[in-house]
Structures are given as structure tokens and as C-alpha cells.
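Okay, structure first, notes after.
The values are calculated or read from the model by the stated rules, or taken from the named source; none is laboratory data. From a predicted model like this one, the values you see are computed outputs, not experimental measurements. FYI the Cβ positions are ideal-geometry reconstructions off the backbone, even for glycines, and counts take in every protein chain you see.
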Amino acid sequence: MCINDYGLSGGGGGISCVTSSACVTRCTITGNSGKRGSGVLNWDASNGDADPLFADADGPDDDPDTIGDNNYRLSAGSPCIDSGSNAVLPTDTTDVDRDDVTLELLPEDLDGNHRLWDDPATPDSGEGTPPIVDRGVYEYGSIPPAPVLLAAESLKQHGSVGSFGISVTGSQAVEPR
Ligand SMILES: [Ca+2]
Ligand SMILES: [Ca+2]
Ligand SMILES: [Ca+2]
Ligand SMILES: [Ca+2]
């Protein structure tokens, strides 16, 4: 979630607890302003407020409020790389990789690249078995999953003539042979 110059009614910053008590873990919130109200923001040591080093947070038009051109992908050295928690990855309820498996962990980031991906140049500071998920919706340095053969309507022996249909999933180019 990215919020720029956001003003809550009655004051507060990106997070303001009035009567509730929010618990925040493994998040990066930068530029947050003061707390108001009687609620408690449970902010543990896993969080941070360092600049996430987005590739271009205000986009080519240099305006953070025009989000269409803003680029929230991470840059090298971002504190968000390999610092998330694999345990809180949601399941793939909408089957983003179209493999008919919805009980697996979300396999792709917003670009369709591997959601769990290690940046070897960044020490892992997150939780889980490596590779560690990044904070945010993009995984730094990740690549698209390899195309997977989902089904073949029929199989032909080498040298035989005929046609059959196949379906694949993935975002890399596939060369029929
Ligand atoms: Ca912009
Ligand atoms: Ca990662
Ligand atoms: Ca799936
Ligand atoms: Ca790493």
C-alpha cells in the first residue's frame, strides 16, 4: 500500500489509531506523522521507516498524486528486499498462475514474477525458509515462472501426423517444436 500526502479527517498520518489498537509487523512506513486518539499502535521491532527506495515513486511526471505512472518497484539496496514474512503470504485464492491450485501460497508478484525470490546481494532479514518474500507488491530481481504444460488433448508418437491442443501457463515465450 502506498499513500502519499494523505490527510485523515481529524488529523493523523498513514496510520492513526483512534479507538482501535492495530498491530503492525514487518512493514515499512516512512514519513508517517503523529498519532492522535486513544488507540494504541503496536509497532514492533520488525517494522521500519527507512526509505523503501522505490524505482520512481512519483513517476516521470514527478507528481506523486498521479499514481498511473508511479513506479513502486524496489531498487537495489532497498530495505524491503528479503525482509518480509513468508508466513503471512496469502493463499492463491484467485489462482493467479492458472494451475488450478488455489491452496498454494501466492506464487507471483504484481508483475507475474516469482513471489518468493532471493536477492543474493541482500542479507535475508525476513522470516521463513529462504527465499524470503520482499515487502510490497513487487519482488526485486525476480523472473517469470517457466511455462508449464497443463494438458494435452492427445499425444502423438514422433513422426506421426496429426494435431492436438495444449495449454500452458506462464509469461515467458514458448516456441513450439
Ligand atoms: Ca506520478
Ligand atoms: Ca525476496
Ligand atoms: Ca495457483
Ligand atoms: Ca538474500
Item to check | THR129 vs. criteria without any contact (Cβ under 8 Å) to a residue 40 or more places away in the chain and surrounded by fewer than 14 Cβ atoms within 10 Å (Cβ to Cβ) | outcome: no
Checklist entry - Does any residue in the stretch 87-106 that is in the same structural domain as THR25 (by TED's automatic domain parsing) and more than 7 Å from ligand 3 (Cβ to nearest atom) come within less than 8 Å, Cβ to Cβ, of a residue that is assigned to a helix (DSSP H, G or I) and of a type in the set (Gly, Ala, Ser) six or more places away or on a different chain, and which pairs are these? => result none
Checklist entry - Looking at this structure, is GLY112 away from ligand 1 (no atom under 16 Å from the Cβ), at pLDDT below 95 and either buried (at least 17 other Cβ atoms within 10 Å of the Cβ) or over 19 Å from GLY77 (Cα atoms) (or both)? => result no
Checklist entry - Within the stretch 98-124, how many residues are closer than 17 Å to SER142 by Cβ, touching a Ser or Thr at 6+ places or on another chain (Cβ under 6 Å) and of a type outside the set (A, V, I, L, M, F, W, C)? => result 3
